[in-house]
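Engineer: The following block contains the structure, expressed as structure tokens.
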């Protein structure tokens, strides 16, 4: 009986060690991506004094590349946006679904992230609150207009909305679920036109 107890204790220690390593690895990756995103935005702001204009339709990114910042003021969140939604990409921040558009391209923009890391408080965001995407070619603000919960295998939310631009944010649901969550929490947001 004592050997079984020791075996369970050892297994628990290994489990905690692996979990702790993964947690700190994810934190370091998020911090590095956030630093890269700030550098991109600062670089853009320093170049804004030039008369050079940028065509959003020409913007492309490589998988795993940090492309900008997602700001959610209502929950005091500032998150790096990374191209791609594979596990390695989502470890760094909010993932941009590769086949979706970017701001200014007049189509659906799909961002995804883990509910237990970057989108820990996403359920607190309410209709009427805003999201701002800061990319190397500009800042784009969107207002939340709706949310819904869908099955994890439901891919019908991924679709073209052209010529209307729409920001869709997705994360696993329920937020407090342990393990692979059975559903997805989806937020829909529409662009807010500015005089910029």
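Only the coordinates and a few stated rules stand behind these numbers; no lab work does. Please read these numbers as outputs of a predicted model, since none were measured by experiment. Ideal geometry is used to build each Cβ from the backbone, glycine not excepted, and the neighbour counts take in all protein chains shown.
Engineer: Given R₀ = 25 Å, FRET efficiency for residue 121-residue 193 by Cβ-Cβ distance, to 0.05?
Structural biologist: Details: r = 27 Å, r/R0 = 1.10.
Efficiency at R0 = 25 Å is approximately 0.35.
Engineer: Quick check on region 71-196: what does the Kirkwood estimate of hydrodynamic radius come out to from the alpha carbon pairs, in Å?
Structural biologist: Details: mean 1/r = 0.0682 Å⁻¹.
Across region 71-196, the inverse of the average 1/r is 14.7 Å.
Engineer: Which order do the peptides 178-189, 104-115 come out in when sorted by mean C-beta neighbours inside 10 angstrom, highest first?
Structural biologist: Working: 178-189: 16.1, 104-115: 20.3.
Highest to lowest by the protection proxy: 104-115, 178-189.
Engineer: Using only alpha carbon pairs under 8 Å that are at least six residues apart, calculate the relative contact order of region 93-196 and give it in whole percent. Walk me through the intermediate numbers first.
Structural biologist: Working: 205 pairs, mean separation 31.9, N = 104.
Relative CO of region 93-196 lands at 31 percent.
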